[in-house]
1. Say we join alpha carbon atoms closer than 10 Å with springs in a Gaussian network model of chain B; which of B:91, B:130, B:273 then has the biggest fluctuation?
2. Averaging the inverse of every distinct alpha carbon separation and then flipping it gives the Kirkwood radius. What is it for region B:70-170, in angstrom units?
3. Starting with the fewest neighbours, write out B:120, A:240 ranked by other beta-carbon atoms found within 10 Å of each beta-carbon.
4. What shape does the protein assembly as shown have by the C-alpha gyration tensor, where a ≥ b ≥ c are the square roots of the eigenvalues, rounded means a/c under 1.5, and otherwise prolate means a/b greater than b/c and oblate the rest?
5. For region A:149-363, give the share of DSSP beta bridges that are antiparallel, in percent and rounded to the nearest 5; count only bridges with both residues there.
6. Restricting to the protein assembly as shown, what percent of DSSP beta bridges are antiparallel, rounded to 5?
7. For a Förster distance of 35 Å, can you work out the FRET efficiency between the beta-carbons of residue B:294 and residue A:28, rounded to the nearest 0.05?
8. Take peptide A:341-350, look around each residue's Cβ out to 10 angstrom, count Cβ atoms belonging to other protein chains, and average those counts.
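All of the numbers you see were taken from the coordinates with simple rules; none came from a lab. Treat the numbers as computed from the prediction; the structure is a model and nothing was measured. Reconstructed Cβ throughout: ideal geometry from the backbone, glycine too, with neighbour counts over all protein chains shown.
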């Protein structure tokens, strides 16, 4: 079932970096003003694509020119980034974007000028190269700190090691920072769905209760706002193996927004959402209407604050929250004036969430879109 | 080599909770004013113990009385916590302190009074019970979100699963939130030392370079300020298997303070430091004198800010930083006016830290105490 993963080798990526430099060298030899063409990465060039149902970057581009006083520093820095990425790949190393910044930081010979004054100058240029060259930063061997865990009937190959996520005890398999098909091969998976859980403590409840075994699913936690790796892994399991994702979040604007990032992506990563967003995801809970449906005592709800109310208003205007079910849910939250955390279900009883709440929701197909 | 781990069973802990309640019931039957005796957990009762070389709680105690208007709410809440912990243990579940708070939150029948108005009311009472009953919170099946990773020749048993930290690929074994001997059995370990690394990205460098294999060690990262589990695991490896810890931190007041917490403990956890602190730990780096010793370009150092300078002054006054090597190091930092991050070593070359810096430090026995 599904699609075979596309492999992007280190050599492919190195070629893109070298071509970028070669292209500039050719422009210089021809006597042209050297320039790099980059997609525009601001809000004016980001849109919700109704066909793929994900956030996408539009096709506006701009030129970064060497012979332009407003561009020249960034032009120089962009070539330094491409050069350093090429070196990292040649060394077969993966590094953080902070390592990359330090590796490039130097005083330009014969001047008092620093190549970069801070990491805030190098990070956006990495994103420029990702967008311009149609690469994920993981393809460039750049990694972020991963936070996710997974348990269930999934076996992967990571380097020479075979890891079995049914045998990872109480902590689960720590999702690596780079889960690209070149690094992580999905050897086998047998699951009807993925339960994507916002909070570690709640994931722990599902793991301890062997929910994944009894219900033939995978349980994942992002431990808060998901890092790229958790989103990418879940997307691969959907695309390559047809496994749908159900999201279990706090019933508050922040939990619901995290869901929307998992499903259709974020504005800031619009240029990579074709490989991160997971548009068939569904929202299993919590919802505000659960309070009546499951007779949850009002004492464990939390009064909305001004920040929540402002966020609800913003979210109602996002195109991807325009579906009537979401408009109703957000209106109900405002009307009732409260939000609710996953841990609040412990007030019913410790195993209410694993033995009643989620099973009943799945049985009744009780999702938000 | 070393000591066998002490096992604290769930039944032992339940007995302590029930005894606490029974004791109160007996006082009531006798017509006494019911009271609970608790260690004083403020700065006046915390000291640095020169014999064990750890931070400890002194022997001052206070009474929490039922018939005292200033105590009665906390008295009631303390009994609720003991009762709920007993329930969690009876259910053979582990939960977060947030779950515990929600499970206890209710309106007291016949009143408008809430049992707890927020989690800030229940957390200190958990600490009171830990200190009074000589328990770690993990013994009460209360867990925090873990962040640590470990790789190297270590095999553990977690429930029915045997986990081999030589075969955990790029992400390492995720250190569970509860590493008490009742939960995690150390089946086998073969390592000359533990390299405790502050930052994940740096740990990743050591893991990718198979440093643990080439150098017969374990590599651990706490991913910032260590959670309890990483400290406890490293302490168990020291106490039960005689494996020393070398700490690799940023050369700044915060990195150095994290080291001191690993070594002698923290004031806020003084009541548990006999099972968390690891007083034989050594500081391998970074140091300010490394900049000259290893010819690190000045460009990658960072100017100290006012917060750093204030922190240096505070740290110089802590009893556990009074050793002359630390006084010299802190003076040198102030004199030079800069700090340095681990990632800055990438400026030398990507593998400088794994191939030159740490091996040379170990070879020359070049540690701070």
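1. With Cα springs under 10 Å in chain B, the top fluctuation among B:91, B:130, B:273 is at B:91.
2. Working: mean 1/r = 0.0629 Å⁻¹.
One decimal place: 15.9 Å for the Kirkwood radius.
3. On the way: B:120 9, A:240 16.
Listed from fewest to most nearby Cβ atoms, that is B:120, A:240.
4. Values: a/c = 1.79, a/b = 1.22, b/c = 1.47.
Verdict is oblate for the protein assembly as shown.
5. Details: 18 of 30 bridges.
Close to 60 percent.
6. Numbers: 58 of 86 bridges.
Within the protein assembly as shown, antiparallel bridges account for around 65 percent of the total.
7. Details: r = 37 Å, r/R0 = 1.06.
About 0.40, to the nearest 0.05.
8. Numbers: counts 3, 3, 10, 6, 3, 13, 7, 2, 4, 11.
Counting other chains' Cβ atoms within 10 Å and averaging over A:341-350 gives 6.
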